[in-house]
Structures are given as C-alpha cells and as structure tokens.
C-alpha cells in the first residue's frame, strides 16, 4: 500500500483489465535506494515506421501517481540483438559455457521455439520440428529475458522442454 492507502498493484490490474482485457503484464523494479516503481504494459504489435530498418514494436505503458490517477503512453521500440555474452562472475559454476547463445528462434508465425540442435542449414526444435534457415524470422538470446516486453507466443512443447531442461 502506498502512503495514500491505495494498493498500486490492485489499481494497476483494475485499470489494465479495463483497457486491455487479459493481454497485459505488470513490471516492477526495486531500486538500490529501497524505492520501488511499477507500471502495466500491453503490446500492440509490429508497426511500420518510416526511415527505420528492422522490426519496431508498439506498446502502451500505464503509470500511476500516488493518488491512483493514471497516465497511458504509447511508445515504439526497436529491440536490438545481443552482440556478445561474457560471464563475469560464476563462483558456483552455474553457467554451462557450451550452451549456445542463440537457443531460441521465432518462426514466421511469431511463435518462439527452443533450439536443441543447431545443424548446418537447419535447426531441430524441442517440439520435434525442424526449421530451415530460410524459415527463421529472428533469433534471440537464450532465456528470452531480453524480449519479455514483446508480444511472443511460445510453443508449448518447447516451453515445457526448456522448463524441464
């Protein structure tokens, strides 16, 4: 609860449901100074932006002030690709250095798949499908954390294989 007595999460959920139905999420950040901020967001999808190469996603952000009043912003973002990866601290040897950086792919239907074998010109997926390089729309980092704000659909079989593995 905030100092004014409103429960920010409940208020964000209420406003998000009114605006977007069941297609939204809440993101919360805990800052080093002990403060916390949060907002709800909804992905509107891909948009064409003049003079911008690459995929641009449009999303709406819903913010609250301390009195529970809200503002909605619409923004367009272009997600960059991971260029390099380096483990800088792993005292418990938790990271498997042999795991490939590119372990998820998105097919032409905007569905993410877990890659289990990276062959020459094809990828074998956890769900058993095989994608030819020509069928792959985009690659991303291993845990999808860099894409949690995108409208993505994970293949249920691949998602389960990733959870189990």
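Here, each number is a calculation from the coordinates, and none is a lab measurement. Computed from a predicted structure; not experimentally measured. Neighbour counts are summed over all protein chains in view; Cβ atoms, including those assigned to glycine, are modelled from backbone coordinates with ideal geometry.
When 112, 24, 104 are ordered from fewest to most other Cβ atoms inside 10 Å of their Cβ, what list results? Before the final figure, lay out the partial values.
Working: 112 21, 24 18, 104 24.
With the sparsest Cβ surroundings first, the list reads 24, 112, 104.
Neighbour counts of C-beta atoms inside 10 Å place 90, 129 in the sequence 90, 129, starting with the fewest.
Less than 16 Å from a label point 7 Å out along the Cα-to-Cβ axis of residue 17: which backbone N atoms in segment 35-78 qualify, by residue? Residues 40-41 qualify, since their backbone N sits under 16 Å from the label point. By the count of neighbouring beta-carbon atoms within 10 Å, fewest first, 114, 17, 11, 74 end up ordered 74, 17, 11, 114.
Available extension along the chain between residue 109 and residue 90 is 3.2 nm, counting 0.36 nm per residue and deducting the alpha carbon span. The modelled label-to-label distance for the pair residue 66/residue 157, using points 7 Å beyond Cα in the direction of Cβ, is 5.4 nm.
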